[in-house]
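Student: I have a structure here, written as structure tokens, and I will follow up with some questions on it.
Rule-based calculations on the coordinates, nothing more; no lab input. Values in this document were obtained by computation on a predicted structure and should not be read as measured data. No Cβ is skipped: glycine too gets one built from the backbone with ideal geometry, and neighbour counts run over all protein chains shown.
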Amino acid sequence: MSHRRITFLIAETPPPRLDKALARDVPEEAALSRTRIAKLIERGAVYVNQEIQRDPRAVVAEGARVDIDVEEAAESHIGAEDIPLEIVFEDDDLVVINKRAGMVVHPAPGSPSGTLVNALLAHCGDALSGVGGMKRPGIVHRIDKETSGLLVVAKSDAAHHGLAKQFEAHTVERYYRCLVYGVPDANDPRLRGVKGANFESGNILKLTTQLARHKTDRQRQAVLFNGGRHAVTRARTVARFGTPPVLALMECWLETGRTHQIRVHMAHAGHGLVGDPTYGGKRKLARTALAEPLAQTVKDFPRQALHAAVLGFEHPVSGEAIRFEAPLPPDMADLLALLEPARA
């Protein structure tokens, strides 16, 4: 396998650990993340003053010469598959996809093929310059299999590194549309008793909890207040349906991006998503609120009614602020059209 060598000097006042010092001082055009640097140290590909250094915690001095041997991108073991994709935007560094519901993002034991990554390998071909040493798309965030909407994928190491930093810093703009049971309202005494829930001005529901994998059901996430990972979701009501209102179209936006975050947070608030099989999206509706055929249509909706509608970020290479919007997919749009006469 061929390599390229990156050489640079450690700048003044270096961090106390080698991996942190390298992540700070490695030339930006090398596009090496701290995770990638840690793997290169472990592999014996990092030389400090011409001596191999395998300890990421080693102290490195100002002015030390660093050489890093980076292998050229290898071919991916994941197969390319000619699967149609809705491309919203594409350039040499990244591609933005409007993912259809039902498509898994990344191959896994239960879904080894037919995924977004398989499709992108076929679509991009030789345009992939190698993410993490492998010719593959760089997945910096995911949306669930049955969630539709916008997703950005890196095609180069530079884009992967830059996008990952923005997601880590929570500066990426992400808005979702979902249909939920009930109508969140600041005057609801029940919601005032839900731990982690409060309302901001404009009747915006804010949910602040910790999230972690459920202790007994490994396919679910659970709300915690000790341990787990910090998660914040905000939501506002866009439309109400039924007499009295029993459904709400919500706009949700993420301060953090955790697995199933909107689904588990809205269920925690008592407003689970219509069609969500994991978090209880098959509730009975009051007989008088919606006509029976319409209530049955809502009950039969085959997936969580959740769509990633807006995605905005700074282009990781050009620095340009870019923003994309994706209309509701046909299944959600059709359901809302049927509900429109019942808008409250």
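Student: Using label points projected 7 Å from each Cα along Cα→Cβ, tell me how many nm separate ALA333 and PHE89, to one decimal.
Tutor: 2.1 nm
Student: Excluding same-chain residues fewer than 8 positions from LYS99, which lysines have a Cα within less than 29 Å of its Cα?
Tutor: LYS135, LYS145, LYS155, LYS165, LYS206, LYS282, LYS299
Student: Starting from the Cα of GLU340, move 7 Å in the Cα-to-Cβ direction to define the label point; list residues of the stretch 171-194 whose amide nitrogen is under 19 Å from there.
Tutor: Once the point is set 7 Å along Cα→Cβ of GLU340, 177-180 turn out to lie under 19 Å by backbone N, inside the stretch 171-194.
Student: Here is a further query. LEU224 to GLU168: extension gain in nm, 0.36 nm per residue of separation minus the Cα-Cα distance? Don't skip to the answer; put the middle values down first.
Tutor: On the way: separation 56, 0.36 × 56 = 20.16 nm, distance 2.13 nm.
Value of the extension gain: 18.0 nm.
Student: Still on this structure, please answer the following. Under a crude label model (7 Å from the Cα following the beta-carbon direction), how far is HIS3 from ASP82 in nanometres?
Tutor: 4.0 nm
Student: If you don't mind, there's one more thing I want to ask. With the dipole of the chain worked out from charges on the C-beta (+1 for Lys and Arg, -1 for Asp and Glu) around the Cα centre, which of THR233, TYR181, PHE313 lies farthest toward the positive end?
Tutor: Going by the Cα projections, it comes out as TYR181.
Student: Return, ordered by residue number, the residues of the stretch 5-37 whose backbone nitrogen is under 16 Å from a label point located 7 Å along Cα→Cβ of VAL317.
Tutor: Answer for this model: 28-32.
Student: If you place +1 on the Cβ of every Lys and Arg, -1 on the Cβ of every Asp and Glu, and leave all else neutral, what size is the dipole of the chain about its Cα centre, to the nearest 20 Debye? Kindly include the intermediate steps, with their values, before the conclusion.
Tutor: Values: 44 positive and 42 negative charges, 399 e Å.
Using Cβ point charges on Lys, Arg, Asp and Glu, the chain gives about 1920 debye.
Student: Now a separate question. In nm, to one decimal, how far is the modelled label at SER113 from the one at ASN49, with both set 7 Å along Cα→Cβ?
Tutor: 5.5 nm
Student: At most 15 other Cβ atoms within 10 Å plus a DSSP loop assignment makes a site exposed; report the longest stretch of the chain without any exposed GluC sites (Glu not before Pro). Intermediate values should be presented prior to the final figure.
Tutor: Numbers: sites that count: GLU12, GLU62, GLU72, GLU81, GLU86, GLU255, GLU320.
It works out to 87-254.
Student: Mean residue ellipticity at 222 nm from the helices of the chain, using -39,500 (n - 2.57) per DSSP H segment of n ≥ 4 over the full residue count, to the nearest 500 deg cm²/dmol?
Tutor: Details: 8 runs with 68 residues, N = 344.
It comes out at -5500 deg cm²/dmol, rounded to the nearest 500.
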